[in-house]
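One structure below.
Nothing in this text is a laboratory measurement; each read-out follows from the coordinates by a stated rule. This one's a predicted model, so the numbers in the text were calculated from it and none came from an experiment. Here Cβ is always computed from backbone atoms with ideal geometry, including for glycine, and neighbour counts include all displayed protein chains.
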Amino acid sequence: MAEIVVERIYSLRLKHKMKKYPRWLRSKKAMKYIRKFLAKHMKTEEEKIKLDSSINEKVWERGAQKPPSKIRIRVVKFDDGVVEAELA
């Protein structure tokens, strides 16, 4: 069984990042941004990141045009390089 190496809580500000995209693409781009952010800060590949369905539901809660302005995520990295994320 894999052991926990790192556990962190991140607050991501999506409001300013998503304003540059068309309204109908904002939630889709927000999900890609979250995955890219976690890959960079947890130093792993994007393929090894597992997002909990609660993150997806929170981002898409108000539809494709209005993702939340901020989101808090609890992230755990295991010794085999797998990263799991869920809402904090």
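What the table below lists for this structure:
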| item | result |
| --- | --- |
| Where trypsin sites (Lys or Arg not before Pro) fall in DSSP loop in segment 1-75, at most 13 other Cβ within 10 Å | Lys19, Lys20, Lys43, Arg62 |
| Under Karplus coefficients 6.51, -1.76 and 1.60, residue-wise ³J(HN,Hα) of segment 73-81 in Hz, glycine/proline x | 10, 9, 10, 10, 10, 9, 5, 8, x |
| Longest DSSP-loop-exposure-free segment, GluC sites (Glu not before Pro), the chain, at most 16 other Cβ within 10 Å | 4-44 |
| Cα-centre dipole for segment 1-54 with unit charges at Cβ (Lys and Arg positive, Asp and Glu negative), debye to 20 | 700 debye |
| The chain: calculated mean residue ellipticity at 222 nm from DSSP helix runs of at least 4, using -39500 (n - 2.57) | -8500 deg cm²/dmol |
| Which label in [x] 64; [y] 28; [z] 36 gives the computed percent of Cα pairs over 19 Å apart | [z] |
| Cα-based helix-to-principal-axis angle, 26-41 vs the chain, degrees rounded to 10 | 30 degrees |
| Amide H contacts of Val6 (H built 1.01 Å from N, under 5 Å, at least 5 apart or other chain) | Lys77 |
